[in-house]
Every structure is written in C-alpha cells, then in structure tokens.
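These notes concern the structure reproduced below.
The values are calculated or read from the model by the stated rules, or taken from the named source; none is laboratory data. Everything quoted here is computed from the prediction, not taken from an experiment. Cβ: placed from backbone, ideal geometry, glycine included. Neighbour counts: every protein chain shown.
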Amino acid sequence: MKMLRPDICLSIGNMRYEDIFSYLKKATLAEIRLDLLNLTDEQVERLFAAHGNLIATCRCSESARLLQTLGHALNSGAAFVDVDHLTESSIRDDIVARAKGLGRRVIISYHNYERTPSKDELERIIFSIKSQGADICKVACLANEPRDCSRVMALYEHLTDLVAFCMGEAGKITRLAAPILGAPFTYASVTDASTAPGQFDYLKMEEYLNYFLPLTHD
C-alpha cells in the first residue's frame, strides 16, 4: 500500500474506532484527536500500539482529564504529545516531563480562533513555548483576511522546529505553504472528517505537495 508523504500529518477524529486502522495503514505520521474520538482505555492502547509515529492530542479544559488522557496515550506508545501552551502550568509541566522521560517528543501549541496577532506578538509566544520544553512549536491562527497569512508565513524566516499556519478559508493556502517554507509537516484531514477549519483532505494535500514540493529519492 502506498504511504502518505512523511510531511503530511493525517489528523484523525470524528470517526468510529473501527475505521481508524485503515487510515493508519496509509499514514507515515498521524494525529489522534482523543477529544474527538470516543475511545475506551483498551482501544487507546491498541491504537497507539498499532503505529509507531502517532501524535496524541486532547483539546479539553479539564486538567485531570487532560493529564489522564495524554498520560495514558504516552504509556501506550504515543511518539508525540501535543499540549496547549495555555494549559495550567503544573499540568503542562507534568505531561512534558512524562514525555521526555519516555524519550517522546513534545509539541506545544498556540491557537487563536478569533484573529492573527502581530508578528512580534507571535514571536514572543513562540519563544515562551520553547521555554516550556517544546521540541516543536505549533501556531494556528484564524485568518480574517489574506494579509493575516503573510504574518504567520514570515515566522519561517528565522525560526525552526515550527509548524505555523492560518485556519479558516482565507488561511487554507498556508497549510500547503508550511512544509514548502520549512515546517517538518502539515496537517490534513480524512475526507469528510475534518478536525479543524480550513483543512485540506489528505488526498488533495498530497496532490498539491507532489506538484509544488516533489520528494527526492537518493
């Protein structure tokens, strides 16, 4: 079976547990949106044991649930854990320490669902995220107009280990531009199961990236 490009992270949520495995067979990298999947502890264990390159993500405000959910995913084999930078510091630091102790990578993410801040503000946020122990910084802001996209894309000029893009229809192009400008990966959805506004489905994303950023083979 042909695998997806390694710079496409397939974001998985809003589907039945039984349907997930067929997509994992195609994905080199996938994000498991635990907040958008109704999984038992045993199903979580089977899921993360089935693939060696999965990101555990849970967007929830309840600290105890977040700690339990991401901790269980790490113990079950998650290669990455994604923590929102606004998570209560003690909880965030606990999750980061658990991940580092297991030799896993940490994504700390910033989301703004209303607007795109100034470039200076975004850079301050990224430096704060790095100080919190991030291996990869994720920045996702709503683009209300095309010029918002330029501020986010400008972050790639001097920053590394960064996945930055804009959400919403006006920001769709940035999801494609991110790996072209240096992001280690970009997110794409399963067809008809989007997990965020403005996502391309993975087939379209692969088609576009193959055209604009062909993979080279030694």
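Here are the numbers for the structure shown:
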quantity	calculated
Restricting region 15-65 to residues that are touching a Gly at 6+ places or on another chain (Cβ under 9 Å), more than 16 Å from R5 (Cα to Cα) and not aliphatic (A, V, I, L, M), the residue that is surrounded by the most Cβ atoms within 10 Å (Cβ to Cβ)	T57
Every pair of residues 6+ apart whose Cβ atoms lie under 8 Å, when the first sits in region 84-98 and is under 10 Å from L67 (Cα atoms) and small (G, A, S) while the second is part of a helix (DSSP H, G or I) and at pLDDT 95 or above	none
Subset of region 18-63 [of a type outside the set (A, V, I, L, M, F, W, C) and within 13 Å of A193 (Cβ to Cβ)]	D19, S22, Y23, E31, R33
The one condition in (1) surrounded by 15 or more Cβ atoms within 10 Å (Cβ to Cβ); (2) touching a His at 6+ places or on another chain (Cβ under 9 Å); (3) in a loop (DSSP other than H, G, I, E, B) that T116 fails to fulfil	(2)
H111, sole failed condition from (1) assigned to a strand (DSSP E or B); (2) surrounded by 21 or more Cβ atoms within 10 Å (Cβ to Cβ)	(2)
